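Accompanying notes for the structure given below.
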Amino acid sequence: MFEHELSVRQVSVLTGVPPSTIEKTMREDSNPTIRTLHKISKGLKIPITDLFSVDD
């Protein structure tokens with residue numbers, strides 16, 4: 001999302017996921033479902049693993 005300078009609304013349109021869910025998913029304290037992550041990855045045409053980040 002940030003790499004392509006997309007807004008929450010644009011990601012919502014591309015993925016079919018409501019903007020509120022996109023916003024919740026972006027927060028570190030949320031636990032999105034695999035189905036939601038799958039929709040986001042497919043809509044953005046990225047591997048689902050790109051949605052995960054690990055802080056060392």
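The values are calculated or read from the model by the stated rules, or taken from the named source; none is laboratory data. Values in this document were obtained by computation on a predicted structure and should not be read as measured data. Cβ atoms come from the backbone with ideal geometry, glycine included; neighbour counts cover every protein chain shown. Heads up: the accessible areas ignore ligands, DNA and RNA and are worked out on the full protein's heavy atoms, side chains in. Shrake-Rupley method; radii C 1.70, N 1.55, O 1.52, S 1.80 Å.
For the chain, calculate the relative contact order in percent as a whole number, restricting contacts to Cα pairs under 8 Å that are 6 or more residues apart.
Answer for the chain is 29 percent.
From the backbone phi of the range 47-53, what are the Karplus-calculated ³J(HN,Hα) couplings (6.51 cos²θ - 1.76 cosθ + 1.60, θ = phi - 60°) in whole Hz, Gly and Pro given as x?
3J(HN,Hα) across the range 47-53, in whole Hz: x, 4, 5, 5, 7, 9, 10.
Provide the gained length on full extension for the span H38 to S20, in nm with one decimal, where the gain is 0.36 nm per separating residue minus the Cα-Cα distance.
4.8 nm
Where a ≥ b ≥ c are the square roots of the eigenvalues of the C-alpha gyration tensor, would you call the chain rounded, which needs a/c under 1.5, or, failing that, prolate if a/b is larger than b/c, or oblate?
rounded
Report the trypsin sites (Lys or Arg not before Pro) located in the chain that are in a DSSP loop and have at most 13 other Cβ atoms inside 10 Å of their Cβ, or state none.
In loop regions of the chain (DSSP not H, G, I, E or B), the sparsely surrounded trypsin sites (Lys or Arg not before Pro) are R27, K45.
Considering only protein heavy atoms and a probe of 1.4 Å, how much of the accessible area of the chain is carbon and sulfur, as a whole percent?
Within the chain, the accessible surface is 52 percent carbon and sulfur.
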